[in-house]
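The values are calculated or read from the model by the stated rules, or taken from the named source; none is laboratory data. Model, not experiment: these values are computed from the prediction. We place every Cβ from the backbone using ideal geometry, glycine too, and count neighbours over all the protein chains shown. SASA here: full protein model, heavy atoms, side chains in, ligands and nucleic acids out. Shrake-Rupley method; radii C 1.70, N 1.55, O 1.52, S 1.80 Å.
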Amino acid sequence: MITGPTQRTAGVDLVAGATRRTRGVDVVAGSTRRAPGVDLVAGPTGRAAGVDLIAAAHGTADPRGIREVRELIRMMARRRPDVPVSLGFVDVDVPALPGLVARVVADSNQAVVVPLLLSGGYHVYVDVAAEADRYPGRVRTAPALGPSPVLAEILADRLGNLGCVDHVVLAAAGSSDPRALADCSETADLLSARVDRPVSVGYVSGAGERLASVLSRTPGEVAVATYLLAPGFFADRVRRLAAGRPVTPPLGADPRLADLALRRYEAVGYRGTGSGGRFGLAGCVATA
């Protein structure tokens, strides 16, 4: 939680434990409520408020995971005080993404949905993409956060000194979509190049070789890199399956992750205007 002084985010007061209003959407302790007819004004920078950013997370029943994701959202909001930021979920938790997008678009007309997901798969290519299909020209969607050298950097930092480690196993959630598995394999390659160790991928669900199997056939001293966003059921399962081997924590609310999510937002093609912003040609191409 934020414990410092009150901050301004796109014309909104943000204090520890308080509800934050973003373009008529209240973000508070696991629910989103609509307040019709509420308009935001320019933030303290004097810039017009940007197109809404809707972060789409998977969701979890574990309060530790929810706290971590919300802290990541707060990091993003602090970095872009001109952009209204809200949080929706593609599974398990509320507010559900479709209802949140409907409320934001009704109030502000345009939005960019940024998946807080580490690889492509059903949620990215079906759930998130459906929102752009539902509101053509008004909603755009960004790609998943991974694969990215930024994620490999965070994973390497979590692993720390690997002087006694022969092999790293990347523990991922898993998916039935082969594109998600390919993304995880690419992440493993990026991590391997960074830590100068072979990196294999093991999954705790979906298709692909299961983590327990990968661990059982991997010789030497092994460290497990947890390729999950936040604590919860899967992270606990990874630790159990590691059976005493070194295990990193989930990626969590890392400032580099917040910056990566914002680059995904910016690369979609939004550019500001004096009247509040519109979609246009992207000024740059995302490099991470």
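From 221, 209, grab the single residue that is more than 15 Å from residue 155 (Cα to Cα) and in contact with a Cys (Cβ under 7 Å, 6 or more places away or on another chain).
Numbers: 209 fails: in contact with a Cys (Cβ under 7 Å, 6 or more places away or on another chain).
Unique residue meeting the criteria: 221.
Could you tell me whether residue 50 is at pLDDT 90 or above and either in a loop (DSSP other than H, G, I, E, B) or within 15 Å of the chain's Cα centre (by Cα) (or both)? When the stated conditions are applied, residue 50 does not pass them. Note on region 151-201: residues that are surrounded by 23 or more Cβ atoms within 10 Å (Cβ to Cβ), within 21 Å of residue 256 (Cα to Cα) and of a type in the set (Ser, Thr, Tyr) amount to 1.
When you look at residue 144, is it touching a Leu at 6+ places or on another chain (Cβ under 6 Å) and open to solvent by 40 Å² or more (accessible area, probe 1.4 Å), yes or no? No. Under the condition of being open to solvent by 20 Å² or more (accessible area, probe 1.4 Å), in contact with an Asp or Glu (Cβ under 9 Å, 6 or more places away or on another chain) and over 20 Å from residue 236 (Cα atoms), the residues counted in region 61-77 number 1. For the residues 178, 136, 198, 143, the requirement of being over 18 Å from the mean Cα position of the chain (by Cα) and within 30 Å of residue 104 (Cα to Cα) singles out 136.
Looking only at residues of region 108-117 that are of a type outside the set (Gly, Ala, Ser) and in contact with an Asp or Glu (Cβ under 8 Å, 6 or more places away or on another chain), we find that the one that is farthest from residue 85 (Cα to Cα) is 110. Residues in region 97-117 that are open to solvent by 20 Å² or more (accessible area, probe 1.4 Å) and touching a Phe, Trp or Tyr at 6+ places or on another chain (Cβ under 8 Å): 110 only.
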